[in-house]
There are 2 protein chains.
Amino acid sequence: MKAEKEIKENKRTVDEAALSVLEQDQSGVETAFDRYLRMQPQCNFGRTGVCCRICLQGPCRITKKADKGICGAHAYTIVARNLIRSITGGASAHSDHGRHLVYTVLEMLEDKALAYAIEDPQKLQRVAERLGINTDDKDEKEVLAEVAALALEDFIKASTDPCKWLETTIVKDRVDKFSECNILPRGVHTTIAETMAQTHMGMDADPVNLIFQGLKMALCDYIGMHIATDLSDILFGTPKPVTTEANFGVMEADMVNIALHGHNPLLSEMIVRVAREMKDDAVAAGARGIKCMGICCTGNEVLMRQGVPVLTNFLSQELPMMTGALDAMVVDVQCIMPGVKAVSECFHTRVVTTMPNAKIPGAHHVAFSEDRAAEKAKEIINLAIEAFKERKGLEVAIPQVKNKVTAGFSVEALEDILGELNPDQPFKVITDAIDSGQLRGVVLFAGCNNLRVLQDHSHNEIIRQLAKNDVLMVATGCAAGSAAKMGLMNDDAVELYAGEGLKSFIHSLNKANEEKLESNKLPLIFHMGSCVDNSRAFDLATALAKQWEIDMPKIPFVASAPEAMSEKAVAIGSWWVAMGLPTHVGVVPEVTGSALVNGIALQVAEDVYGGYFIWEEDPQKAAEKILAALDERTWKLRIHRGLADKYETELSKSY
Amino acid sequence: MKAEKEIKENKRTVDEAALSVLEQDQSGVETAFDRYLRMQPQCNFGRTGVCCRICLQGPCRITKKADKGICGAHAYTIVARNLIRSITGGASAHSDHGRHLVYTVLEMLEDKALAYAIEDPQKLQRVAERLGINTDDKDEKEVLAEVAALALEDFIKASTDPCKWLETTIVKDRVDKFSECNILPRGVHTTIAETMAQTHMGMDADPVNLIFQGLKMALCDYIGMHIATDLSDILFGTPKPVTTEANFGVMEADMVNIALHGHNPLLSEMIVRVAREMKDDAVAAGARGIKCMGICCTGNEVLMRQGVPVLTNFLSQELPMMTGALDAMVVDVQCIMPGVKAVSECFHTRVVTTMPNAKIPGAHHVAFSEDRAAEKAKEIINLAIEAFKERKGLEVAIPQVKNKVTAGFSVEALEDILGELNPDQPFKVITDAIDSGQLRGVVLFAGCNNLRVLQDHSHNEIIRQLAKNDVLMVATGCAAGSAAKMGLMNDDAVELYAGEGLKSFIHSLNKANEEKLESNKLPLIFHMGSCVDNSRAFDLATALAKQWEIDMPKIPFVASAPEAMSEKAVAIGSWWVAMGLPTHVGVVPEVTGSALVNGIALQVAEDVYGGYFIWEEDPQKAAEKILAALDERTWKLRIHRGLADKYETELSKSY
């Protein structure tokens, strides 16, 4: 069985904890790492986007012999259709998340979802003001009702008025650009329906027209995400700096270990709260207590607000069970491998599904409902305690790999920290540092894991390269999870990896915030939250653009998704580009089958929107390209601002 | 070039006109018939539904070696997800169609789309009453405004109140069934967003849960279609019997020949009207006049209301250009092969796209807008006249194949005709005929063409078999187009093919309606309209169920889509099954890769909803299975109604 041996040896990860579990595993259980290798070779038609399954005459695959689909569709039509349906899937997932929060707020306002409350009235006030809601003489609930009504309207409306969550969160020049290009959406749902219709058999064959609709769709993705972030902050509090740990070492053999996996804070926040109250039940079962920890973005949500440790990120989600120490994995929505169920069968772990639209056959299903949130959380935790009891006497092998993480950097938290250096214009602290050459620009790390490349390897390499080159970095989602696990998201990493400019920048902020930050000294890379919180990263970009008084295509702010995997990542990358920002993707998406569509992504997009994609799988080259993209903008910005002469000499040194 | 020769020889159609064009063609132009053969062999992973491209780690294909996707998804999850995304595509297309009509009505009510008016106030009144709108003391426009508001609400709403177009058009038992199974949709768009989210990577892995959501989605397809039919009737009139001709022979060499292709009456109705006014322009250009003719469903729309001849159906849409006689092909939305553009380049034909969401690179694009409808129609017709002038002196070879067609059978028209025999209970004429054994049941022929089987062959064979066996038949879409082209949709066919029971049934209706029908004697199979007008066929089924006072799963009414091709067909078939009716499909859809999902479609569906699928590619066997499905229900119905004894002997003879 040479193949099997190779499969087992080829681990495709640089995460020490994951490697340790994979190496020590005696159970023979199958994980994504095995399934990936068994799936090789993968279909190159699908891989390059030229497989069409939209009608029942297909599949049609573009080859030299068959250079068009049966209907006559060229590769460019097929690739563009597949791409924008993928954006639609992503936008739908984010809208589902945001809509769930809107429904919960509406229930709360009807005195139903009693476990929820307005945790952050300041955020509510800020959001309401931004939306143009008159809050005079209104109580919090009235204001929230108006906010929720506008949010619902952005989802459902079919009128051509601009969506509130787009219009009020971006710079005016972008609104004008979108209006000029006719990609201002009628509403999130209407655009989803439109895009699915436009990609139906015998509809649009024009790739440019299709891609413009795809960008309209992507803007809806942004709207859904921003609504999700705003409402989550209002219900659960806006994140502030918090320090904890990350990776498998956070599990403790004598605790009831519960992994919270998925994306939405509605359930995970409740479990974290109820777990604190149920300590005695765990003690009664022989445990020292209950330990909650996060996987993927529901993990990021409770990390950011509650300091819940990070267990792992997407790709290694099955592995914590293989330590024998995980008592329950509670999942809500998105990025949950169905494979977790099969792995759990070899161990004592309870896999608990909770949502009506994300079930796994054979898993425990506790139907979560907002109006019985605490009760349901208790039911779930009891399943974990029961599993813990079964675990007694069984061997547990927790890799002692963990790293310190300082997270919780909402835009509000950053503003607060920067404000200690410049209370009137907090973001000028960053723009000044870029203008002066202390920083070379800002980069967001976002996205997932993807087995096409070594897990966490590119994240790790690119982050270190950019740190050395004085790039200010923020992160979200599984990219943030990667940095956290790898020990890059703490103050030690600043000393180890930051270049002089970045180091001095962070030191000066630490110094100015000594009292405020306490033990939460600033990290090398700032965790801004879950995937939906890419809205926070974009708000930061907008704040910088406003500070500079320029449109987005001029700011030295780049996004990088070294391991993009999900349709949500495709959607995020697309709006990031439409918003005017360069976007690196470390796995080439399914567009290379059409030189035309690929060219639009890599070049034409810049002419129209100012943003563009960079496909680069090699992390060294990716870092170079990201730096070049930043430098190009910084250079132009300096000329624009009359600073060119002053810094020209220094900048030219770096080439 | 043996392969090329085989490609040219294998015509894959039984349509004489299409065959004639293909055989005589000297141009070497490429059509779908060629592209289909060049595409062989097609991918069996896609063909059986086990190829997953939902995340960027894929494509994953289920094989013996790799029996799960990289994420751990089983074949059943992958197949179910692909299936319900397909339903979503179809429902989105139909909702786009319906929403377009709603937008037009709203513009009309704002005195913008002045070319449109309330053509059928009686239909408006009927629809308003059905929706529970109080019409007292309201003028037509006020009533229409309320109807349009409710229609828009069904598309956009997110509340859990039942959608009006579902609740008010189906029998109460069905509403209860859908409520009990939790598949009453919140609204069309919300459900599209939900379904795309539920099929995102790492969401639902439960095939039953996925399929239930797919059925909810399919009910939204029904809603969008029914809204489209109702509003079209209000704006353009409810169809009444009308006689014309079908197939390539309807083109006339000395006329400006314009093909109207696509799905929506908004543009095609306008072109038909304006063409009548522009006869002099055509004459000035040397033509005898302007001849409009239809392809696909926009053709069905103008056939049903204006008696416009049928040129052809889906698969042969490229061929009329190859006669050299087609001056323009005007397309709106859906089922338009991008291949038409390439074919037109070898001839003088103008291919004119008109809609913002359905463009073809290189085609003439006249941006149609409702508020300048007549002007735009004129612009398009002028392009055709210009092309006619170019045609002078060029060879034209129109196959002299055409058949008489009597169409226009809306439910209202049928009610009117049946009412001559039973004014109080018109549909009792049908139920009595079934109760008495004169008719064996009712079958709807719907759906498309699909190159997997010989074009029109199955339609032709099954229709003749069922006619011989006294089945009352209705048809829509390209299935109706097929029957029309083949000469099955006229009174001669009754004499040629109908069994004694069916013949006497139709004769008695003809006799009772002699004055009313004039030259429109009833055909063998009743044309109920375009694809969206499957709502009409279902209204007929509902009328029969109400007449019998039973729920849908008990009525002997079967649908057959011998050549289903588009996602719309998948959606229609799915709601037809959810509504409780057996549904034959003549090309096996992409579900056979999961025995579980396939079993749900073929068997489990019946246990829950009363409807089920029958996959059968062989037309003889299909006819037998359809008859068996009818007989099973007729038999049970007779027992239920205490008629078993009376007819048992006769029925048993037929076995």
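The values are calculated or read from the model by the stated rules, or taken from the named source; none is laboratory data. Bear in mind that the values here come from a model prediction, so they are computed numbers and not experimental data. Counting neighbours? That spans all protein chains shown, and the Cβs are built from the backbone with ideal geometry, glycine included. For the accessible areas, the whole protein counts, side chains as well, though only heavy atoms, and no ligand, DNA or RNA atoms are used. Shrake-Rupley method; radii C 1.70, N 1.55, O 1.52, S 1.80 Å.
Normalising the Debye intensity of the stretch B:466-575 to I(0), with uniform scatterers on Cα atoms only, and taking log10 at q = 0.21 Å⁻¹ returns -1.28.
Ligands, DNA and RNA are left out, and with a 1.4 angstrom probe the accessible area of chain B is 32 Å² per residue.
Surface calculation, 1.4 Å probe, protein heavy atoms: B:Arg130 sits at approximately 70 Å² accessible.
Ordering A:Lys157, B:Lys389, B:Lys68 by accessible surface, largest first, gives B:Lys389, B:Lys68, A:Lys157; the 1.4 Å probe counts only protein heavy atoms, with every chain in place. Measuring between alpha carbons in the structure, the pairs from B:Lys112/B:Lys216; B:Lys157/B:Lys376; B:Lys428/B:Lys554 lying more than 27 angstrom apart are B:Lys112/B:Lys216; B:Lys157/B:Lys376. With a 1.4 angstrom probe, the accessible area lost at the B-A interface totals about 7400 Å². Of the two radii for chain A, the radius of gyration is 0.95 times the Kirkwood radius, both from the alpha carbons; that is the Rg over Rh value.
Pairs of Cα atoms in the stretch A:408-647 fall into 10 Å distance bins, from 0 up to the last occupied one, in shares of 8, 35, 38, 16, 2, 0 percent. For chymotrypsin sites (Phe, Trp or Tyr not before Pro), no site in the stretch A:131-220 is both called loop by DSSP and has at most 12 other Cβ atoms within 10 Å. Three principal axis extents of the stretch A:242-391 based on alpha-carbon atoms, in descending order, are 34, 34, 29 Å.
Largest accessible area first, the residues A:Glu632, A:Glu616, A:Glu515 order themselves as A:Glu515, A:Glu632, A:Glu616 under a 1.4 Å probe with ligands, DNA and RNA left out. For the stretch A:75-236, the alpha carbon convex hull comes to 107 Å³ per residue, rounded to a whole number. Here the stretch A:87-153 and the stretch B:71-99 have alpha carbon centers that stand 30 Å from each other.
Considering only alpha-carbon pairs that sit under 8 angstrom and 6 or more positions apart, the relative contact order computed for the stretch B:278-325 is 26 percent. Estimated at the nearest 10 Å², the accessible area of A:Arg126 is 100 Å² with a 1.4 Å probe. Counting protein heavy atoms only, the protein assembly as shown has 49 percent of its accessible area on carbon and sulfur, 1.4 angstrom probe. Only Cα pairs under 8 Å and 6+ residues apart enter the sum, and on that basis the relative contact order of chain A stands at 16 percent.
In the stretch B:185-202, the residues whose accessible area drops by at least 40 square angstrom when the other protein chains are added to the isolated chain are B:His189, B:Ala193, B:Met196, B:Ala197, B:His200, B:Met201, B:Gly202; the probe is 1.4 Å and only protein heavy atoms count. A 1.4 Å probe over all protein chains sorts B:Glu129, B:Glu140 by accessible area into B:Glu129, B:Glu140, starting with the largest.
For every other residue with a beta carbon closer than 10 angstrom to the beta carbon of A:Pro241, add +1 if it is Lys or Arg and -1 if Asp or Glu, then tell me the sum. In short, +1. The accessible area of A:Leu19, taken with all protein chains in place and a 1.4 Å probe, comes to roughly 40 Å².
The stretch B:495-543 and the stretch A:173-196 have Cα centres separated by 46 Å.
Computed from point charges on the beta carbon alone (+1 for Lys and Arg, -1 for Asp and Glu), the dipole magnitude for the protein assembly as shown about its Cα centre is near 3280 Debye. With Cα atoms as the point set, the radius of gyration and Dmax of the stretch B:429-499 evaluate to 12.6, 40 Å.
Across all C-alpha atoms in the protein assembly as shown, the radius of gyration and Dmax reach 32.0, 104 Å. Here A:Lys625 is the anchor, and the lysines within straight C-alpha reach of less than 16 Å, apart from those fewer than 8 places off in the same chain, are A:Lys468.
Taking a straight Cα-Cα cut-off under 20 Å and skipping sequence neighbours fewer than 8 places away in the same chain, the aspartates and glutamates within cross-link reach of A:Lys485 are A:Asp15, A:Glu16, A:Glu23, A:Glu245, A:Glu252, A:Glu301, A:Glu318, A:Asp456, A:Glu461, A:Glu495, A:Asp533, A:Glu563. Separation of the stretch A:23-60 from the stretch A:240-287 is 34 Å, based on Cα centroids.
Of the DSSP H helices in chain A, those that are both long (alpha-carbon extent of 20 Å or more along the helix axis) and hydrophobic (Kyte-Doolittle mean at least -0.5) are A:75-109, A:140-156, A:207-236, A:373-391, A:534-548.
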